[in-house]
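Peer 1: Structure in structure tokens, see below.
Only the coordinates and a few stated rules stand behind these numbers; no lab work does. Small disclaimer: the values here were computed from a predicted structure and weren't measured. No Cβ is skipped: glycine too gets one built from the backbone with ideal geometry, and neighbour counts run over all protein chains shown.
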Amino acid sequence: MLAADPGVSIARIAGEAGVDRRTVYRRFASREELLAAIYACRLEAIEGAIADARLREAPVAVALHRYVENIIGVNRTWPVDLARMLADDEIRARRDASIRDVDTFLRRAIDEGLLRPGTPEGWAGALLPQLMHLVTRQMPDLEAAQAADVVVDTFLHGLGAAT
């Protein structure tokens, strides 16, 4: 509900959950506290997705697909924009650490020949989340593994005809 309408009322959230508004307020003292809990859960899921992908140990192609599939699952489970919580220093630091892990992995993918060198600095790291976001929103009926196939193929081969 918050992903669809960030201004949705606590009363509507409680109603959708099948509980009274007071029940929500017993658990979360304010709307901001509820949002912080949601963002913390999303961030924990992202960190778990990165750890599960084994970006440092697994073969690059395997780690890439596993990472993309995992993040698509996170995006579908927690479809809220983490950027709104970046004012919180702890959340920002954790998010920045996750980005560094993925950037290190993408440099490894270049070094091992899976991605071509010479693209603008940060391009792969900017493009990959956008592709995952698009497939999450535009292809909700695809299983996460199938959606990851689409993203990885597009990321590695683009849309141009094979030559």
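Peer 1: Regarding the chain, what are the three Cα extents along the principal axes, ordered largest first, in Å?
Peer 2: Largest first, the chain extends 61, 34, 25 Å along its Cα principal axes.
Peer 1: Take the chain, connect every pair of alpha-carbon atoms lying under 10 Å apart with a spring to form a Gaussian network, then pick out the residue of Arg94, Arg54, Arg27 with the largest mean-square fluctuation.
Peer 2: Arg27
Peer 1: Mind listing which GluC sites (Glu not before Pro) in segment 1-94 are in a DSSP loop and have 11 or fewer other Cβ atoms within 10 Å?
Peer 2: Glu57
Peer 1: Still on this model: Could you give the semi-axes, largest first, of the ellipsoid that matches segment 99-163, computed as the square roots of 5 times the alpha carbon gyration tensor eigenvalues and rounded to whole Å?
Peer 2: 21, 15, 10
Peer 1: What's the ranking of 58-66, 113-121 by average number of surrounding C-beta atoms within 10 Å, highest first?
Peer 2: For the peptides 58-66, 113-121, the packing ranking is 58-66, 113-121.
Peer 1: In segment 59-103, whose amide N lies under 20 Å from the spot 7 Å out along Cα-to-Cβ of Ala126? List them in ranges.
Peer 2: Backbone N within reach: 82-84, 96-103.
Peer 1: How large is the dipole of the chain about the Cα centre if only Lys and Arg carry +1 and Asp and Glu carry -1, each at its Cβ, rounded to the nearest 20 debye?
Peer 2: 380
Peer 1: If R0 is 45 Å, what FRET efficiency do you get for Asp153 and Ala93 from their C-beta distance, rounded to 0.05?
Peer 2: Between Asp153 and Ala93 the formula returns 0.85.
Peer 1: Can you pull the one-decimal nm distance between simple spin-label points at Ala17 and Asp141, each 7 Å off the Cα toward Cβ?
Peer 2: Spacing of the two 7 Å Cα→Cβ label points: 3.3 nm.
Peer 1: To test your reading of the geometry: what angle, between 0 and 90 degrees and rounded to tens, separates the Cα axis of helix 144-157 from the longest principal axis of the chain?
Peer 2: Approximately 40 degrees, to the nearest ten.
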